[in-house]
Every structure is written in C-alpha cells, then in structure tokens.
1. Name, by its number, the condition in (1) away from ligand 1 (no atom under 14 Å from the Cβ); (2) under 30 Å from Val128 (Cβ atoms) that does not hold for Leu247.
2. Could you please give the count of residues in segment 29-41 that are modelled with pLDDT under 95 and either of a type in the set (A, V, I, L, M, F, W, C) or under 26 Å from the mean Cα position of the chain (by Cα) (or both)?
3. Please find, among Ala181, Ala157, Ala207, the residue that is in contact (Cβ under 8 Å) with a residue 40 or more places away in the chain and part of a helix (DSSP H, G or I).
4. Among the residues of segment 212-241, how many are surrounded by fewer than 18 Cβ atoms within 10 Å (Cβ to Cβ), of a type in the set (Ser, Thr, Tyr) and modelled with pLDDT of 95 or more?
5. Scan segment 130-163 for residues that are closer than 18 Å to Leu25 by Cβ and more than 7 Å from ligand 1 (Cβ to nearest atom) and report the count.
6. Could you check how many residues of segment 287-328 are part of a loop (DSSP other than H, G, I, E, B) and of a type in the set (S, T, N, Q)?
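The values are calculated or read from the model by the stated rules, or taken from the named source; none is laboratory data. These numbers were taken from a predicted model, which means no experiment stands behind them. FYI the Cβ positions are ideal-geometry reconstructions off the backbone, even for glycines, and counts take in every protein chain you see.
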Amino acid sequence: MAVISVDIAGRPYEVRVGAGLLAELVPHCRSRLRKRGVPIVTDSNVHAAWGEVVEKSLRDNGHEPHWRILPPGEQTKSWDELAATVNWLLTLEVERGDHIIALGGGVVGDLTGFCASVVKRGCKFIQVPTTLLAQVDSSVGGKTAINTPAGKNLVGAFHQPSLVLADLSALETLPERELLAGYAEIVKYGLIDDADFFAWCERNGAALIAGDSALREYAVSHSVAAKARIVAQDEFETTGKRALLNLGHTFGHALEAETGFSNRLLHGEAVALGMVLAARYSARKGLMPKASAERVAQHIDEVGLPASLSGLGLDCDGTGLARHMLHDKKMDAGTLPFLLLHGIGKTYLDKEASLDDVAAFLGEEL
Ligand code: NAD
Ligand code: ZN
C-alpha cells in the first residue's frame with residue numbers, strides 16, 4: 001500500500017492506495033466511524049459489485065451500515081438527489097463530527113461531498129473512489145458539485161475529505177471503457193508538468209491497462225501526489241495554478257457538449273482527445289514541436305482512446321464546435337484562456353487565443 005499525505009492549507013489528510021482496502025474498510029477508518037450506524041452513499045452498480053464486501057467489514061467490526069443507493073450516472077448529480085440525500089442524512093441525525101462514506105465514482109463522490117459540506121454547515125466525509133478516474137482525480141482536492149440546467153458542476157463547494165481510500169481491487173469490476181477514460185487523466189499529469197511521467201506512461205500504459213497491479217499502484221499514487229501538489233498551491237483556483245488540471249478540458253468540454261454529455265463520449269475520452277487537440281493546436285501555433293504533439297496523439301491512440309476528431313463522425317463544423325467553448329465556465333469575459341503546451345510537461349495558460357483561430361483549426365481536424 002502507498003500512502004500519500006495531502007496538506008491543503010494546513011488541513012492534512014491521507015490518500016491510501018492499494019489492493020483489498022474495501023475489505024479492510026473499518027481498520028482503515030478506525031475511530032472515524034460513528035457507533036450508531038455508518039451512512040454510506042453509493043450507486044447501484046457499485047453496491048451490486050462491492051456492497052457485500054463493505055457490509056461485511058462494517059458488521060464484523062460492530063458497525064451497522066445505513067445505505068443510500070443512488071441510480072448510476074451523471075443525472076444523479078442533481079438538486080433533487082442533493083435534497084433527498086441531505087434530508088436522509090438529517091434523519092440519521094448526522095452531526096458535524098460524523099463521517100459519511102462516499103463509495104463510488106466521481107458522481108457519488110461529488111454529490112456526497114457536497115452533501116457533507118452543507119449538512120450542519122459542514123460534516124466530515126471519507127472518499128472511497130471505485131473508478132480509476134475518481135482514484136486519480138475527483139476524490140482528491142476537495143471540489144464537490146452538482147449539475148443544473150445551466151451546465152455541469154456549476155453549483156458546489158470546496159470541501160476536503162478527511163481520508164481517501166483508493167482500493168485497486170475495485171477496478172477489477174470496472175468496465176474496460178471506464179478504466180481507459182480514467183487513464184486519460186493519468187496521462188494528463190505527465191503532460192502538465194512531468195515529462196518523465198509521460199515517458200513512463202508511454203512505456204507502461206498498456207500493461208497498466210491490462211491489469212498489472214504494481215503499475216496501477218504507482219500510477220495512481222503518482223497522480224494523486226501530482227494533484228495534491230498542484231491543489232496545495234491554489235486550493236480555490238485563484239492563481240491559475242489549479243487551472244492547469246483542466247488541460248484538455250476546454251476542447252473536451254466542447255466535445256462533450258456536442259455529443260450531449262452522452263455515453264457516446266465519456267468525460268475521460270473527451271479529455272484524451274482534448275489533450276491531443278491542445279497539443280496539435282500548440283504545434284500549429286509554433287509553440288511546441290510537431291513531433292511532440294504527434295507523440296501525445298500516438299500514445300492516446302495506442303492505448304485505445306480517441307485521438308482524432310475525424311474519427312468521431314461529428315455532425316458539425318469547426319465554428320459549431322468552438323461555440324460550445326463560449327459557455328465554458330472557465331472563460332473570463334473578453335478573453336479566451338486556453339491551456340496550451342510549450343512541450344510535453346510544459347503546459348501553460350494562454351489568454352490570447354482567438355476563437356476564430358481555434359474554430360479554423362477544429363474545422364481542419366474534423
Ligand atoms: P461515475 O461515477 O459515473 O462512474 C462511472 C460508471 O462506473 C458508473 O456507471 C458507475 O456506476 C460505475 N462504477 C463505478 N465504480 C465501479 C466499479 N468498481 N465496478 C463497476 N462499476 C463501477 O463516473 P466517474 O468517471 O468516476 O466520475 C465522473 C464524475 O466525476 C463527473 O461528474 C465529473 O464531473 C466528476 N469529476 C469531479 C472532479 C472533482 O475534482 N471533483 C474531477 C473530475 C471529475
Ligand atoms: Zn476531467
């Protein structure tokens with residue numbers, strides 16, 4: 001097991017990464033669990049796969065679980081589920097010092113974390129991420145949110161967990177496509193500021209995806225440490241440092257919007273292609289060598305993630321696609337900030353990009 005110490009503004013917590021943590025949930029949570037019943041929020045897929053294991057760990061150690069089993073999928077991050085889950089926590093008489101367990105992917109983690117931030121003006125929660133994406137990204141850093149008709153993640157809070165338990169065994173039941181989508185966010189950390197880690201991904205990505213547990217443990221803990229390091233420098237995304245974590249996300253968000261945030265393109269798949277587009281656009285602007293941009297495309301393609309816009313068969317032009325970027329919540333009025341690259345491991349925030357220029361580039365890529 002690897003243990004990563006996260007320290008955000010003097011509020012330290014641990015991220016433990018290893019196999020078999022779900023079966024050992026209670027020993028890992030130790031004194032954090034309340035005696036009169038432990039609230040656990042999950043979704044029905046995760047409950048079907050891992051509910052029994054978690055239930056056994058709790059009952060064997062004298063704790064009674066209280067389950068809230070949500071429907072899987074993005075639509076669960078809603079006002080309705082937020083209200084219903086908060087009301088449920090209140091009927092369980094959760095107090096500020098109590099811990100709620102979020103057992104699932106980013107959807108469960110984001111919703112549960114948001115509930116924890118508002119119940120009794122803030123109670124504690126433990127992230128138990130069960131997707132690769134949640135293990136390397138959403139469970140760490142304290143962003144919580146729901147979606148509204150105005151857009152995704154527009155309502156939420158910064159609320160750090162008190163512990164994160166990333167059980168690599170949970171990935172055994174994760175559909176391959178979800179695993180790959182999570183892998184995209186791992187590659188992202190290499191591209192942001194760690195060229196050596198990108199090269200490590202090139203060498204080891206295929207074996208990691210195929211199931212090598214030592215490689216998975218290294219990649220998850222390295223990614224968590226990278227995210228923690230970046231978030232610690234800019235918890236509330238005010239200096240631009242935390243924004244680096246959005247590499248590939250502006251292009252990716254446009255692709256998700258164009259495909260209606262549907263199963264046609266998972267978030268991680270959109271980010272994978274978004275990173276390729278950011279690299280290719282950077283090369284086109286003469287910011288990074290073309291060969292480096294193609295290295296990014298080649299790795300994304302090799303592992304089986306989407307690496308070309310033309311392959312998606314979208315029914316729109318470059319302007320139509322670029323239009324979605326105007327609705328991106330990360331846009332400042334008047335400027336068009338884009339995360340571009342001076343090279344692999346050299347991502348920076350470019351505030352001068354012109355939407356027309358981006359639209360022309362996308363038109364050529366389509
Ligand atoms: P998800 O939570 O929807 O999980 C994906 C699918 O896998 C679901 O169908 C789920 O039921 C299933 N699943 C989860 N674990 C499983 C397991 N071990 N075995 C079998 N099936 C399993 O999606 P996700 O990709 O984990 O998270 C996406 C969400 O995370 C988005 O809402 C996104 O906005 C959010 N997110 C948040 C942050 C953050 O910093 N808070 C960062 C990145 C993404
Ligand atoms: Zn993402």
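1. (1)
2. Residues in segment 29-41 being modelled with pLDDT under 95 and either of a type in the set (A, V, I, L, M, F, W, C) or under 26 Å from the mean Cα position of the chain (by Cα) (or both): 3 in total.
3. Result of the check over Ala181, Ala157, Ala207: Ala181.
4. Counting residues in segment 212-241 that are surrounded by fewer than 18 Cβ atoms within 10 Å (Cβ to Cβ), of a type in the set (Ser, Thr, Tyr) and modelled with pLDDT of 95 or more gives 2.
5. So the answer is 5.
6. Summing the residues that are part of a loop (DSSP other than H, G, I, E, B) and of a type in the set (S, T, N, Q) in segment 287-328 gives 1.
Conditions tested, residue by residue: (1) at pLDDT 95 or above; (2) hydrophobic (A, V, I, L, M, F, W, C).
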| site | (1), (2) |
| --- | --- |
| Ala243 | no, yes |
| Thr259 | no, no |
| Leu266 | yes, yes |
| Arg280 | yes, no |
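To keep it simple, each residue is scored yes or no on (1) of a type in the set (S, T, N, Q); (2) assigned by TED's automatic domain parsing to the domain that holds Ile192; (3) within 13 Å of ligand 2 (Cβ to nearest atom); (4) closer than 18 Å to Gly190 by Cβ.
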| site | (1), (2), (3), (4) |
| --- | --- |
| Gly252 | no, yes, yes, yes |
| Ser262 | yes, yes, no, no |
| Met275 | no, yes, yes, yes |
| Ala283 | no, yes, no, yes |
| Met288 | no, yes, no, yes |
| Ser292 | yes, yes, no, yes |
| His299 | no, yes, no, yes |
